[in-house]
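Engineer: My structure is below; once you've seen it, I'll send some questions.
What follows is calculated from the coordinates using simple rules that are stated; it is not laboratory data. Being a predicted model, the structure only gives us computed values, none of them experimental. Positions of Cβ are generated from backbone atoms using ideal geometry, with glycine treated the same way; all protein chains shown enter the neighbour counts.
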Amino acid sequence: MRYVACQSLLLALLCLATQAVNAQVDRAALNGTVTDPSGAMVPGAQVSAEAPTIGVKRQTLTDAAGVYRLPSLPVGSYVLTVAKDGFQTKKIEGLVLAVGQVRTLDVSLDITATATEVIVTAEAPALQQNNAEIGLAIDQNQVSAIPLNGRNWTGLLMLAPGATNTGEGNQNTIRFNGRSRDDNNFTFDGVDATGVKDPRQEANLRLNISLDSISEFRVSGGLYNAESGTAPSARAFRSPA
């Protein structure tokens, strides 16, 4: 998948009202723990995440509990490197972060007397460990391959859990988890865009986005984090191609 730093769309169709706070909802985050072969935490390990295709590199150190956190990462494919004196350096390749994703990746380091490096390939997480959010990431292949009526991007929302189409299959007629369409909330680049989604005095949709500009976006239907909110129904993030 090809990623380019760009605008993001967050469609917040929220089922439980929460208070919105400032957040990089168009980004991803990575966290986890670093341990030794006995399972003991390794503090002070250097952790770096690098995405060569988009020219991004972030570094941090594990804290006293062996925990690292890399927030606000642009979406893309990363190489995660974990190093500490007295341990084998571990490099994890093919670590894909999707828009709006918070991914946990725990790393175990082997003890060694010489400087060595182990390279592994990242696997897709079997379970979201950071929250109980229910949703779906829609990737570029789906965006470009799925036929959509009028090439309206909102038709892709129907792929998300809890979505119900009550009409033309656009932002005016797709509801989530039995809620009204008025419970849907849209934000564009972190700015609330709910006021342009379905104005009562207008017959035409006003929040139109070219499908060619989307590489992926995320829809969430419930149990959101604190940074998402302001309405009671679901949510989605966009990252252009």
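Engineer: Quote to one decimal, in nm, the extra length available between Thr173 and Ala145 on full extension: 0.36 nm per residue of separation minus the C-alpha distance between them. Numbers along the way, then the final one.
Structural biologist: Details: separation 28, 0.36 × 28 = 10.08 nm, distance 2.26 nm.
Between Thr173 and Ala145, full extension yields an extra 7.8 nm.
Engineer: Between Ile111 and Asp85, what length in nm is gained on full extension when 0.36 nm per residue of separation is reduced by their alpha carbon distance?
Structural biologist: Value of the extension gain: 8.4 nm.
Engineer: Let me ask something additional. Mind listing the long-range amide H neighbours of Ile146? Cut-off is under 5 Å, sequence gap 5 or more, other chains count too, H placed in the peptide plane at 1.01 Å from N.
Structural biologist: none
Engineer: Right, here's the next one. Could you run the Karplus curve 6.51 cos²θ - 1.76 cosθ + 1.60 with θ = phi - 60° over the stretch 60-67 and give me ³J(HN,Hα) per residue in whole Hz, x for Gly and Pro?
Structural biologist: My calculation for the stretch 60-67 gives 7, 10, 5, 7, 4, 9, x, 9 Hz in order.
Engineer: Related question: What order do you get for Val75, Val47, Val96, Val120 when you list them from fewest to most C-beta neighbours inside 10 Å?
Structural biologist: Fewest-to-most ranking of Val75, Val47, Val96, Val120: Val120, Val96, Val47, Val75.
Engineer: Convert each backbone phi in the stretch 68-81 into a coupling constant with the Karplus relation 6.51 cos²θ - 1.76 cosθ + 1.60 (shift: θ = phi - 60°), then list the ³J(HN,Hα) values in order as whole Hz, x for Gly and Pro.
Structural biologist: Calculated HN-Hα couplings, in order: 10, 9, 10, x, 6, 8, x, 5, x, 9, 10, 10, 9, 10 Hz.
Engineer: Which residues' amide hydrogens lie under 5 Å from the amide hydrogen of Gly32, considering only partners 5 or more residues apart or on another chain, with H built in the peptide plane?
Structural biologist: Distant-sequence amide H within range of Gly32: Tyr68, Leu105.
Engineer: Could you pull out every residue, at least 5 positions away or on a different chain, whose amide H is within less than 5 Å of the one on Arg218? Hs are placed 1.01 Å off N in the peptide plane, and Pro or chain starts have none.
Structural biologist: Ile138, Phe237, Arg238
Engineer: Residue by residue, what Karplus-based ³J(HN,Hα) values in Hz, rounded to whole numbers, does the stretch 111-118 have, using 6.51, -1.76 and 1.60 with θ = phi - 60° and x for Gly and Pro?
Structural biologist: In residue order, the calculated couplings are 6, 8, 8, 10, 6, 10, 9, 10 Hz.
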